[in-house]
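Below: one structure, written as structure tokens.
The values are calculated or read from the model by the stated rules, or taken from the named source; none is laboratory data. All of these numbers come straight from a predicted model, not from anything done at the bench. Neighbour counts are summed over all protein chains in view; Cβ atoms, including those assigned to glycine, are modelled from backbone coordinates with ideal geometry. With ligands, DNA and RNA removed, areas are computed over all heavy atoms of the protein, side chains included. Shrake-Rupley method; radii C 1.70, N 1.55, O 1.52, S 1.80 Å.
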Amino acid sequence: MKNNIFSLTVVVASIAAAGYGLYWLGMQQGKKAAAPVNTSAIAPVAGNEGKKVLYWHDPMVPSQKFDKPGKSPFMDMQLVPVYAGETADDSKVNISPRVQQNLGIRTAEVTRGNFSSVVRAVGNIAYDERAVALIQARSNGFVERLYVRAPLDPVRKGQALAEIYVPEWVAAQEEYLSIKRMQSSGLGELLSGARQRMRLVGMTDDQIRLIESTEKVQARTTIVSPVSGVVSELTVREGMTVMAGAAMFKINGLSTIWVNADVPEAISAQIRPGNTVEAHTPALPGTVFKGKVNALLPDVDSVTRTRKARIELANPDNQLVPGMFASVSFATVARKDVLVVPSEAVITTGTRNLVMLAQGDGKFMPVDVEIGTESNGQTEIRKGLDTGQKVVVSGQFLIDSEASLTGATTRMGGNDQPSPSTSITPVHSGQGKIENIDKEEVTISHGPIPSLQWGAMTMSFKLPAGGLPKNLRVGDNVAFEIRPIHDDAFQIARIATATTSPTTKDQGKPNEKSIPIPQAPAGGTR
């Protein structure tokens, strides 16, 4: 009995000792976990030794800042330090010279000079309506002969068009000739009256003089063309009866021609009557036709939002004909001391006009500008820039993408959401192992991705529109490319099997058989 009591006492004592030991060990671990992290013991990134750490962040969520190192609450990775000098202003983007060279960034200086804008428009050639001759019947008669038989036949000035028999003229002419043959005196008033009656029946002064000189009745008259051109309208045929005042021919001259050009409403104020114009037509390559603005019509097309500019061109050799297509250039008045930049530097978002300003030391910042006219690859800047500043003329959208990745708060688009078709999406390469595949995502445990400042981690990516290649399975080592879509999510742009393992040494240099996958529209979740 005593032995049993002693054994039980020993067991209870052992359990108590073990419990106290576990309690003491837990307290020590808790104290270690609660102890502050010695940030000086953290190995600095190469090239940043001695620099002050401003804050820590997750490269995938760069806008969120932390005052201590540790594990990211967003992804399975450690926070990355940001050192003094790396980001002096959240509204600016810092890009190293090497990256600038890789992105192909070019800059140009803002300058002042004389600015002569050239407005270009397109239009169609038409008849000069001021060079139109309309021929009518002066008296009732009959068309006995027609010399021009088809519309658009060319005619010369003085060329015979038709011959008409006019019965009313016969009686008036015979009366005049009868009085003229009388030998008695005091017939002057009678002769003047007979001459007036010939005018009243439609005879011209030239025809009356012909009657006086020949003293013969002219029952027929020949109608001739008063101008050179083409017969645009022909309303008579041989044998027809024509009434006084009836239209017979319409002849359009071709020595001058009109171009009815459609000028955009926004720049129509730069066009003035009298401005010189140069015109070109595909039918006559290399030939330049010069003229001037005849009128700017007071009407705006409600559909195309354009105004008609009526241009008068000289037409030597009748080379231009109605219906031809023509492109015209209007020369406007030159302005002095105007601030200009290359047109390729200006980015129009729909609600804003911006340029990417280069500030030196690899810093770039988008600036709102007010633009004027554009001509010969140069754009007028009315507000927002000064002489001597430098603007980016190539690679602006790549800088904008860099601003997105580094968390810059000022973007070129501002509140606008640029569409995938108007912005350039960066692509980042990595290597890893497929851990899981479902209907919308593929999970990959990958090595570091330096272009995104990612360490090794396991994460999910949205599948491309065409899905993964059929030869890929869970457990395969792959080389892949990803692009950002929205809400910090990424999508597979390209993926292929890799014969090397996803190590840091091999990162970005996979031995792979490339399998391109078509781009998918923006959208999806990480």
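The stretch between MET243 and LEU134, if pulled fully straight at 0.36 nm per residue, gains 37.7 nm over its current Cα-Cα span.
In a fully extended conformation the segment linking ASP337 and ASP368 would gain 9.0 nm over its present Cα-Cα distance, using 0.36 nm per residue. Between VAL118 and SER96, the FRET efficiency estimated from the beta carbon spacing at R0 = 56 angstrom works out to 0.90. With N the number of residues in the range 215-327, Rg(Cα) / (2.2 N^0.38 Å) evaluates to 1.51.
The separation of the range 270-291 from the range 422-475, counted between C-alpha centres, amounts to 57 Å. Taking other residues whose beta carbon is less than 11 angstrom from the beta carbon of VAL217, and scoring Lys, Arg as +1 and Asp, Glu as -1, yields -1. The Cβ shell under 14 Å around ARG106 holds other residues with a net charge of -1, Lys and Arg each +1, Asp and Glu each -1. Residues of the range 143-158 with an amide N closer than 19 Å to a point placed 7 Å from the Cα of VAL170 along the Cα-to-Cβ direction: 143-145.
The slack between PHE66 and SER232, meaning 0.36 nm per residue of separation minus the straight C-alpha distance, is 51.4 nm.
For the pair SER451 and ALA295, label points projected 7 Å from Cα toward Cβ lie 6.1 nm apart.
The per residue volume of the convex hull around the alpha-carbon atoms of the range 135-235 is 92 Å³. From zero up to wherever the largest Cα-Cα distance of the range 70-220 sits, split into 10 Å bins and tell me the percent of pairs in each. The percentages, shortest bin first, are 7, 18, 14, 10, 6, 6, 5, 6, 7, 8, 7, 5, 2, 0. Of the heavy-atom accessible surface of the range 273-354 (probe 1.4 angstrom), what whole percent is carbon and sulfur? Using a 1.4 Å probe with all protein chains present, the range 273-354 comes out at 54 percent carbon and sulfur.
Take the Cα of TYR147, go 7 Å toward its beta carbon, and the backbone nitrogen atoms of the range 201-226 under 16 Å from that spot belong to 207, 220-226.
Given R0 = 30 Å, the distance between the Cβ atoms of THR111 and GLU265 translates into a calculated FRET efficiency of 0.50. Residues in the range 198-294 average 50 Å² of solvent-accessible surface per residue, probe 1.4 Å, ligands and nucleic acids excluded. Near GLY291, once Lys and Arg are set to +1 and Asp and Glu to -1 for all other residues with Cβ below 13 Å from its Cβ, the sum equals 0. Spin-label model, LEU191/THR287: points 7 Å from Cα along the beta carbon direction are separated by 5.6 nm. Taking the 1.4 Å solvent-accessible surface of the range 126-233 as the whole, the part contributed by carbon and sulfur is 51%.
In this simple spin-label model, placing a label point 7 Å from the Cα along the Cα-to-Cβ direction at both ARG220 and ALA314 gives a separation of 4.2 nm.
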